[in-house]
Amino acid sequence: MNALGFVRSRPWLITVLVLVLLVAINIALQPSFTNPGVLRSNLATFLPLVLVAIGQTYVILAGDIDLSVGSIVALANVVTVTVIAAMGGTDLAIWIGMASGVGVGLACGLVNGLLISGLRFQPIVTTFATGILFAALALWVLPQAGLPVPQNYWRTYGESFFGVPLVAWVLIFGVVFTLVVSRTVFHSHLLAAGGNRTGAFQSGLRLGSIRIVSFMIAGFFSALAALCLTGETASGDPLLGQTLALSSISAVVLGGTALAGGFGGAFGSIIGALVLGMIGNVIFFAGLPFEYQTLVQGIIVLLALAGGVFVTRR
């Protein structure tokens, strides 16, 4: 295999190069970037998108798409803070509230999976509709932003364990999860389902279960992102995560996963999400006028996507 073939089989390497370039530019614009406190703050900002992108990857690998992940984040957030408040804000209440948030994420993923796999609805239309439903439920649970969480919650989220910030441990968990899953039979079945659904069906794969599990993984990681946002904001907000759906899809594509499914992996999506976060940092510290920030961000993402497509084109 020559160098070009090596890169084509690992398109996330292009994203890594872009990330390194952005880090170098960021260090030039923000000399304090490498300070531990600043690194922790940046990671806490990027982490929700990283987590949502991980979950979105498994849905896309199976040939589907999930536009409801942002609403799942909002719903899991408000359910978590509401349960904690209803149970008195004790340490036990915090654990039960977090479990409730994760349960909500899994349930939302199950609903999406059953509608799309069981009833054979179109994924993009179905998740757009369920996204509206989940957003409405979030507003019903908590009509206005507020309802602070106990100090133990957000203080623990900001602490370090064995010298490593908790946000870094969450990132490590995400990376380890992606690496472990990439070596499982389930991952191979995902690629088969997304790459050649008819062939996968004829070979006897249980496509329904595979697609449902992929949506439940997306719901789980959306809920995990909600718990992180709850630790960062220390309160509930029914409007959280409104931009996460499209941003997570951008991160997945930037990371080298084919939008049609069947090729790629969640590790590249993690790099893609970090690239999107670093682009925002560079634009902010470059002091660009607000009206140009979105334009420049779009151009940079487009160039990064074009570079990946150019290298992987056969």
List pairs: first in segment 161-172 and under 15 Å from ASN42 (Cβ atoms), second buried (at least 17 other Cβ atoms within 10 Å of the Cβ) and among the basic types (Lys, Arg), Cβ under 7 Å, 6+ apart or cross-chain?
PRO165/ARG40; VAL167/ARG40
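Considering THR230, THR257, which residue is touching a Phe, Trp or Tyr at 6+ places or on another chain (Cβ under 9 Å), among the polar types (S, T, N, Q), farther than 23 Å from PHE33 by Cβ and assigned to a helix (DSSP H, G or I)?
On the way: THR257 fails: assigned to a helix (DSSP H, G or I).
Every option except THR230 fails the conditions.
Listed here are the residues, each with its yes/no results for (1) buried (at least 19 other Cβ atoms within 10 Å of the Cβ); (2) hydroxyl-bearing (Ser, Thr, Tyr); (3) assigned to a helix (DSSP H, G or I); (4) at negative phi.
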| position | (1), (2), (3), (4) |
| --- | --- |
| LEU114 | no, no, yes, yes |
| ARG120 | no, no, no, no |
| ILE124 | no, no, yes, yes |
| THR127 | yes, yes, yes, yes |
| ILE132 | no, no, yes, yes |
| ALA138 | yes, no, yes, yes |
| PRO143 | no, no, no, yes |
| ASN152 | no, no, yes, yes |
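Scan segment 44-51 and give yes if some residue there is modelled with pLDDT of 90 or more and on the phi > 0 side of the Ramachandran plot, otherwise no.
No, that holds for no residue.
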Taking segment 198-231 only, how many residues are of a type in the set (Phe, Trp, Tyr) and more than 18 Å from the chain's Cα centre (by Cα)?
1
Residues in segment 94-105: is at least one crowded, with 20+ Cβ neighbours inside 10 Å, in contact with a strand residue (DSSP E or B) (Cβ under 7 Å, 6 or more places away or on another chain) and not in a loop (DSSP other than H, G, I, E, B)?
no
Quick one: count up the residues across segment 185-222 that are outside any helix (DSSP H, G or I) and either among the hydrophobic types (A, V, I, L, M, F, W, C) or over 16 Å from GLY118 (Cβ atoms) (or both).
4
Among the candidates LEU49, LEU39, residue that is in a helix (DSSP H, G or I) and under 28 Å from HIS189 (Cα atoms)
LEU49
Criterion violated by PRO238 - all others in (1) outside any loop (DSSP other than H, G, I, E, B); (2) touching a helix residue (DSSP H, G or I) at 6+ places or on another chain (Cβ under 6 Å) satisfied
(1)
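The values are calculated or read from the model by the stated rules, or taken from the named source; none is laboratory data. Owing to the predicted nature of the structure, the values given are computational and were not obtained by experimental measurement. Using ideal geometry, Cβ is built from the backbone for each residue, glycine included, and neighbour counts are taken over all protein chains shown.
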